[in-house]
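**Q** Structure incoming, see below.
Bear in mind these aren't lab numbers, they're just calculated from the coordinates by the rules spelled out. Keep in mind that what you see is a predicted model, and the values were worked out from it rather than measured. All Cβ positions, even for glycine, are placed from backbone atoms using ideal geometry, and neighbour counts span all protein chains on display.
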Amino acid sequence: MSRVGAFAPFTLAALATLAAPTVAQERGDLDALLDGVHTIAAPGVPGPIAVFDERAFTVVAGRVDGEHRASAAAAARVASGRVLLLAHSGYASTDALREGDTTLFVRNAIHWLAPKAERPRIGVTGGWSGAVRLAGFTPRELDGRGAFAKLDEVDVVATTLLGLSDADMASLQAFVERGGGLLGCDTGWGWQQLHADESLGAQPIQIWLAKHGLAFTLGYLERTHARGFAIDGEPLALLNGDSALDLLIANAGKPRAKAEELARASFTVGFAARALPDVATPFGDRLARLVKERDRELVASEAKPLGPDKPLLRALASAQWIQLSRVPPDSTRPHASAADFPGSVTAESTLQSLELDLNVPGWHSTGLWANPGARIVVQLPSEVTAAGLRVRLGAHQDELWDHDAWRRMPAITREFALAAESTTAANPFGGLVYVVAPEGKRVGRVRLVIRGAIQAPLYVLGETGNDEWRTQRRRPGPWAELASSKLVITVPSRVVRELDDPKSLMVFWDRVLDAEAELAGISAARPRPERFVLDRQIAGGYMHSGYPIMAHLDVAEVVVDRARLETGEEIWGFVHELGHNLQVDDWTFEGTGEVTNNLFSVYSIEKTCKLAPGRRGHDAVSSPPSIAAYLERGARFEEWKEDPFLALQTYLLVQAEFGWEPFRAVFAEYAALPDAERPKTEADKRDQWMVRLSRAVGKDLGPYFQAWGVPVSAEARKQVADLDDWMPASWPTK
């Protein structure tokens, strides 16, 4: 079965950049690997594999960020041996092999990995036994200490790869290079999540794979088929960073390739560049030379964004950032974009002594600014050098790699471990200075000294007096912070220069957060303050939740203006994102991701704002979508899930009748649930929510859910059959 279509020429110019023998070899390899294969599984959430060497190639592709593509399976010839990587550790399970043509794919892979063996001998670790047996082979267990020490009696090793020791990696490397086959799987983002203190790029397998053009990454892959990933015949050549870079260079003058091809190539090169571990590779060396040649052009600003018309420069920006992130502080220089954003000031640096309560996890504001490229020194007691503390330079942590145009450089913050009594730090973009305390450790109150930074405005509720603030707000740092124990707001300093009453502002914001905590049934005392950071450009949306909550600069004046906030008309976005941070998956079923958070929006606005008659803070809440029109269209759940303000009415009509107390009670009930009682499926979530809310209001809400078209099971209906049915008095009638 021919797979030549997978390497169909994308343009004559692009084809000319590819080495013909390599393409021919890859076509033959793809024919062997994909013979009879139409779809393969996508277990869990796979993490894409970067491909960036002429000896490596994509076998199966998934989607990244909805628009671009990256490898779900990738392979390479290594000396006399061969390697095939799969993008999730779940490929080692029999469940995955039973999806689509995955069993056939693994069978093809094993034969490709051992081309000289009529009946390949497979050594397995990491749970691969069942999968190998299902593929038609007899596995040989290699588990135990020194599992890879003796591989003379196997042709192929099937294993998970991240976390291998140096010794095991040396054994595997020798095995492959003398002609063995390696069938490896893992999930880059998943491994990193479980090993937050280690670097994915520093793993022995990553360093070895990178020398052959492959690397696991921290991204996420999306399916291309209901069963997983489709073998769809789309060209794969532009998923190789080396080939994609060739195309970009060939079109750097007058472009001959199509714009969409150049955009794909730019994404691929940038994606691969950001996946490169700190090891010399031919691809990395090419990028380094190009970055040096084009360094002055790698600038993004509001006036001159770095957009899709500059695909090569966008790709090189990724490579430049990786280089900058590895430059030691003593060699750090200001980036050409830094003065434009986040800023630079001419002012004397200072020596600042601080005492911080590092029992509180997360970022601790210091009221200091590091200029772009400037070296600061953090000194702290020897007894906390092993506590996992870090110093962060910059609040604007959103990375913008997937945006069509960059109005600032895509990554502009750095962190350094505070693992010695004296630590030097620097960031080519500068930024506010933070001490970062780890989760789950009680470090205590720590006195430290920071030298080389510039003072920036910092108001702390309960600590900063009015007279002190009038001096503080004139500090030269270009970014300012207003803080309480519950919220920290990061805005341009210009916004606070004339702010006379930060106390009443932060007291108001504390009331907002207390209201949301009250509805959620949690303590008003936050384990760490929430954060709002305003930015020129953010990762997604008008605002987005997280730590910190990110918003655009056009609301900088609003977030510090109590009078405007108290009207309830301009606060919605902020409380909406705070609500997201309180959402719990157990009671947020499909279609309500942008709904249940708004219960907190409505509640906190009602509790803290001075609303005009008939207003509830958002036009679509004050004047909601027509329920009657929805019912006339058939009350379809699929439509309900796509209209957040329509769906919100399902909750608010119950609230209008029974008040907020049932919601508080149900949220508290979920918080106390043992794991065994938590919903496991979307249907479970809907059922439990209907049953628990029915019990809380003392009415059977089953008919109400049914009228809305929200499915609940017959079993759930039975659980509340002893209660009287309820429908709102205002429910539309025919």
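**Q** How big is D, in µm² s⁻¹, for the chain by Stokes-Einstein at 37 °C and 0.692 mPa s if Rh is the Kirkwood radius over C-alpha pairs?
**A** Translational diffusion coefficient: 114 µm²/s.
**Q** To continue, here is another question. How big is the charge dipole of the chain about its Cα centre, in debye rounded to the nearest 20, if each Lys and Arg gets +1 on its Cβ and each Asp and Glu gets -1 on its Cβ?
**A** 1440
**Q** Got the relative contact order for the chain handy, in percent, Cα pairs under 8 Å and 6 or more residues apart?
**A** About 9 percent, as a whole number.
**Q** With Cβ to Cβ distances under 10 Å as the rule, what net charge do the other residues near LEU487 carry (K, R +1; D, E -1)?
**A** Here the charged neighbours net out to +1.
**Q** Also, quick follow-up: Which one of MET506, THR187, PRO732 has its Cα pushed farthest toward the positive end of the charge dipole of the chain, where Lys and Arg give +1 and Asp and Glu give -1 at the Cβ?
**A** Toward the positive end, the furthest listed residue is THR187.
**Q** For segment 335-385, what value does the Rg/Rh ratio take when both radii are computed over Cα atoms and Rh is the Kirkwood radius, given to two decimals?
**A** 1.03
**Q** OK, next. How large is the helix-only mean residue ellipticity at 222 nm for the chain, computed as the sum of -39500 (n - 2.57) over DSSP H runs with n ≥ 4, divided by its residue count, in deg cm²/dmol to the nearest 500?
**A** -10000 deg cm²/dmol
**Q** Give the calculated FRET efficiency between HIS38 and ASP65 to the nearest 0.05, with a Förster radius of 25 Å applied to their Cβ-Cβ distance.
**A** Given R0 = 25 Å and the Cβ-Cβ separation, E is 0.50.
**Q** Assuming R0 = 30 Å, what is the FRET efficiency of ALA174 and ALA539, from their Cβ-Cβ distance, to the nearest 0.05?
**A** So, using R0 = 30 Å, E works out to roughly 0.10.
**Q** Next up: Taking 7 Å along the Cα-to-C-beta vector as the label spot, tell me the ASN359-GLU383 distance in nanometres, rounded to one decimal.
**A** 1.5
**Q** Additional query: Given +1 on the Cβ of Lys and Arg, -1 on the Cβ of Asp and Glu, and no further charges, what dipole in debye does segment 42-195 carry about its Cα centre, rounded to the nearest 20?
**A** Charge dipole of segment 42-195: 380 debye, to the nearest 20.
**Q** If you place +1 on the Cβ of every Lys and Arg, -1 on the Cβ of every Asp and Glu, and leave all else neutral, what size is the dipole of segment 218-264 about its Cα centre, to the nearest 20 Debye?
**A** Here the size comes out at about 120 debye.
**Q** Just to confirm a number: summing +1 for Lys and Arg and -1 for Asp and Glu over residues other than GLU383 whose beta-carbon lies under 14 angstrom from that of GLU383, what do you get?
**A** Spelling it out: positives minus negatives among the neighbours equals +3.
**Q** Note the full-extension length gain between LEU673 and ARG296 as 0.36 nm times their separation in residues minus their Cα-Cα distance, in nm to one decimal.
**A** Contour length minus Cα-Cα distance gives 130.0 nm.
**Q** So, R0 is 41 Å and r is the distance between the beta-carbons of GLU468 and GLU439; what FRET efficiency does that work out to, to 0.05?
**A** 0.80
**Q** Let me ask something else about it. Would you mind giving the average projected area, over all directions, of the Cα convex hull of segment 492-555 in nm² with one decimal?
**A** Taking the Cα atoms of segment 492-555, their convex hull projects to 5.3 nm² on average.
**Q** Over all alpha-carbon pairs of segment 638-734, lay out the pair-distance distribution in 10 Å bins, whole %, shortest bin first.
**A** With 10 Å bins starting at 0, P(r) equals 14, 48, 34, 3, 0.
**Q** Next up: Do any chymotrypsin sites (Phe, Trp or Tyr not before Pro) in segment 507-584 lie in a loop, going by DSSP, with at most 14 other beta-carbon atoms within 10 Å of their beta carbon, and if so which?
**A** Answer in residue order: TYR542.
**Q** Which of the trypsin sites (Lys or Arg not before Pro) found in segment 391-493 are loop residues per DSSP with 10 or fewer other Cβ atoms within 10 Å of their Cβ?
**A** Listed in order of number, the matching sites are ARG442.
**Q** Here is a follow-up. With viscosity set to 1.002 mPa s and temperature to 20 °C, compute the Stokes-Einstein D of segment 232-325, Rh being the Kirkwood radius across alpha carbon pairs; µm²/s, no decimals.
**A** In µm²/s, the coefficient rounds to 159.
**Q** Over segment 165-324, what is the relative contact order in whole percent, taking alpha-carbon pairs under 8 Å and six or more residues apart?
**A** Relative CO of segment 165-324 lands at 22 percent.
**Q** Counting pairs of alpha carbon atoms under 8 Å apart in space and at least six apart in sequence, what relative contact order in percent does segment 629-734 give?
**A** Dividing the mean separation by the residue count of segment 629-734 yields 30 percent.
**Q** How large is log10 I(q)/I(0) at q = 0.14 Å⁻¹ when the Debye formula is applied to the Cα atoms of segment 293-385, each weighted equally and without solvent?
**A** Debye intensities relative to I(0), on a log10 scale: -0.74.
**Q** Just want the answer: with Cβ charges of +1 for Lys and Arg and -1 for Asp and Glu, which residue in HIS38, LEU86, ALA61 is farthest toward the dipole's positive end in segment 18-120?
**A** The Cα lying farthest towards the positive end belongs to LEU86.
**Q** In segment 641-672, which GluC sites (Glu not before Pro) are in a loop and have at most 14 other Cβ atoms within 10 Å, using DSSP for the loop call?
**A** In loop regions of segment 641-672 (DSSP not H, G, I, E or B), the sparsely surrounded GluC sites (Glu not before Pro) are GLU642.
**Q** What length, rounded to one decimal in nm, is gained on full extension from GLU234 through to ASP278, with 0.36 nm per residue of separation minus their alpha-carbon distance?
**A** The span from GLU234 to ASP278 would gain 12.6 nm if fully extended.
**Q** Which semi-axes, in whole Å and largest first, does the equivalent ellipsoid of segment 175-293 have when worked out from the alpha carbon gyration tensor as the square roots of 5 times its eigenvalues?
**A** 26, 20, 15
**Q** Note down the net charge around VAL443, summing +1 for each Lys or Arg and -1 for each Asp or Glu among other residues with Cβ under 14 Å from its Cβ.
**A** Around VAL443, the surrounding residues sum to +2.
**Q** Also, quick follow-up: For segment 331-469, take N as its residue count and report Rg(C-alpha) divided by 2.2 N^0.38 Å.
**A** Computed over Cα atoms of segment 331-469, the ratio equals 1.08.
**Q** Translational diffusion coefficient, Stokes-Einstein: compute it for segment 87-128 using the Kirkwood radius over C-alpha pairs as Rh, at 10 °C and 1.306 mPa s, and state it as an integer in µm² s⁻¹.
**A** 142
**Q** Is there a pair in LYS503/LYS610; LYS254/LYS292; LYS486/LYS685; LYS607/LYS641; LYS641/LYS680 whose C-alpha atoms are over 26 Å apart, and which pairs would that be?
**A** Too far apart for the 26 Å limit: LYS486/LYS685; LYS607/LYS641.
**Q** From the Cα gyration tensor of segment 555-674, with a ≥ b ≥ c the square roots of its eigenvalues, which class applies: rounded if a/c is under 1.5, or else prolate if a/b is larger than b/c, or else oblate?
**A** Note, shape of segment 555-674 comes out oblate.
**Q** For segment 455-546, what log10 I(q)/I(0) values come out of the Debye formula at q = 0.11, 0.12, 0.15 1/Å, with one point per alpha carbon and no solvent?
**A** Reported log10 I(q)/I(0), two decimals: -0.35, -0.41, -0.63.
**Q** Turning to a different aspect of this structure: Out of the DSSP beta bridges found with both residues in the chain, what percent are antiparallel (nearest 5)?
**A** 70
**Q** Sticking with this one: Using only the Cα atoms of segment 367-418, what do you get for the radius of gyration and for Dmax, in Å?
**A** 14.5, 47
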